[in-house]
1. Quick one: in the stretch 19-31, of everything that is of a type in the set (A, V, I, L, M, F, W, C) and under 26 Å from T68 (Cβ atoms), which residue is farthest from the ligand (Cβ to nearest atom)?
2. Yes or no: the stretch 51-58 includes at least one residue that is of a type in the set (V, I, T), within 11 Å of the chain's Cα centre (by Cα) and either surrounded by 15 or more Cβ atoms within 10 Å (Cβ to Cβ) or in a loop (DSSP other than H, G, I, E, B) (or both).
3. Quick check on L161: is it more than 16 Å from the chain's Cα centre (by Cα) and part of a loop (DSSP other than H, G, I, E, B)?
4. Of the conditions (1) part of a loop (DSSP other than H, G, I, E, B); (2) surrounded by 19 or more Cβ atoms within 10 Å (Cβ to Cβ); (3) of a type in the set (A, V, I, L, M, F, W, C), W105 satisfies every one except a single condition; which number is it?
5. Do the conditions hold for R85, that is, is it charged (D, E, K, R), at positive phi and exposed (fewer than 13 other Cβ atoms within 10 Å of the Cβ)?
6. All but one of (1) within 12 Å of the ligand (Cβ to nearest atom); (2) in contact with a helix residue (DSSP H, G or I) (Cβ under 8 Å, 6 or more places away or on another chain); (3) more than 30 Å from E155 (Cα to Cα); (4) assigned to a helix (DSSP H, G or I) hold for Y39; which doesn't?
7. Considering only residues that are without any contact (Cβ under 8 Å) to a residue 60 or more places away in the chain and of a type in the set (G, A, S), look in the stretch 119-140 and name the one that is surrounded by the fewest Cβ atoms within 10 Å (Cβ to Cβ).
Amino acid sequence: MLIVCPGCGVPCPSLGLEPDRKANASGECRALMHELSYYTLAHGDPRFIHQHLVDAYGAQHVRQSKSTIGAAFALAGLYLAVEHRFTGRQVQQMHMAMASKSKHWPRFDPPPEVGPLTVADVLAVEPGPDRDEKLMQWCASAWGDWSAQHDRVREMVGRYL
Ligand SMILES: [Zn+2]
């Protein structure tokens with residue numbers, strides 16, 4: 001049996017895992033995220049590529065919620081990584097600067113569809129430079145999902161650049 005993730009739509013063979021409702025993800029998709037996290041967190045690259053994983057995954061798993069910071073920060077991170085070539089470390093610093101200046105963030109409603117790339121496509125690539133490259137392609141794909149909101153994101157982040 002295949003379980004389809006409610007966030008990113010990735011189909012995974014059922015492992016009988018509980019869905020992660022807070023993350024708007026199937027348990028099987030969360031397991032892929034955790035597996036890729038072991039890789040990105042152990043990477044040792046000072047650019048801190050793990051941040052790109054967090055943002056791309058977050059942008060593909062936005063759930064309806066009162067809190068707006070999750071989607072806003074994921075989209076800010078993708079925008080800076082894809083259009084400004086920020087490293088993960090630089091994105092992290094920008095998130096901190098934004099968080100210190102405001103508690104109120106615009107609401108971004110998720111697009112009807114995301115993809116084609118998901119966490120599964122990155123994990124399918126051999127560890128190393130090719131996987132890191134795929135991670136950045138995934139960021140570009142996830143940023144593209146939100147094309148209807150690009151101007152609002154640029155405006156939100158622009159004041160901090
Ligand atoms: Zn998913």
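1. Our first condition is that a residue be of a type in the set (A, V, I, L, M, F, W, C); within the stretch 19-31, this holds for 23, 25, 29, 31.
Narrowing the set further to residues that are under 26 Å from T68 (Cβ atoms) leaves 23, 25, 29.
Numbers: A23: 8, A25: 4, C29: 3 Å.
So the residue we want is A23.
2. Applying the first criterion (of a type in the set (V, I, T)) to the stretch 51-58 yields 54.
The next check asks that each one be within 11 Å of the chain's Cα centre (by Cα); those that pass are 54.
Going one step further and asking which of them are either surrounded by 15 or more Cβ atoms within 10 Å (Cβ to Cβ) or in a loop (DSSP other than H, G, I, E, B) (or both), we end up with 54.
The answer is yes, given that some residue of the stretch 51-58 is of a type in the set (V, I, T), within 11 Å of the chain's Cα centre (by Cα) and either surrounded by 15 or more Cβ atoms within 10 Å (Cβ to Cβ) or in a loop (DSSP other than H, G, I, E, B) (or both).
3. Numbers: more than 16 Å from the chain's Cα centre (by Cα): yes; part of a loop (DSSP other than H, G, I, E, B): yes.
Against the criterion (more than 16 Å from the chain's Cα centre (by Cα) and part of a loop (DSSP other than H, G, I, E, B)), L161 qualifies.
4. (2)
5. Against the criterion (charged (D, E, K, R), at positive phi and exposed (fewer than 13 other Cβ atoms within 10 Å of the Cβ)), R85 qualifies.
6. All conditions are met except number (1).
7. Ranking the candidates gives G128 first.
Per-residue answers, yes or no, for (1) touching a Gly at 6+ places or on another chain (Cβ under 8 Å); (2) of a type in the set (A, V, I, L, M); (3) within 22 Å of M33 (Cα to Cα):
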residue: H104; (1), (2), (3): no, no, no
residue: V119; (1), (2), (3): no, yes, yes
residue: E133; (1), (2), (3): no, no, yes
residue: M156; (1), (2), (3): no, yes, no
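The values are calculated or read from the model by the stated rules, or taken from the named source; none is laboratory data. Note that the structure is a prediction, hence the values are computed from the model and not measured. Cβ atoms come from the backbone with ideal geometry, glycine included; neighbour counts cover every protein chain shown.
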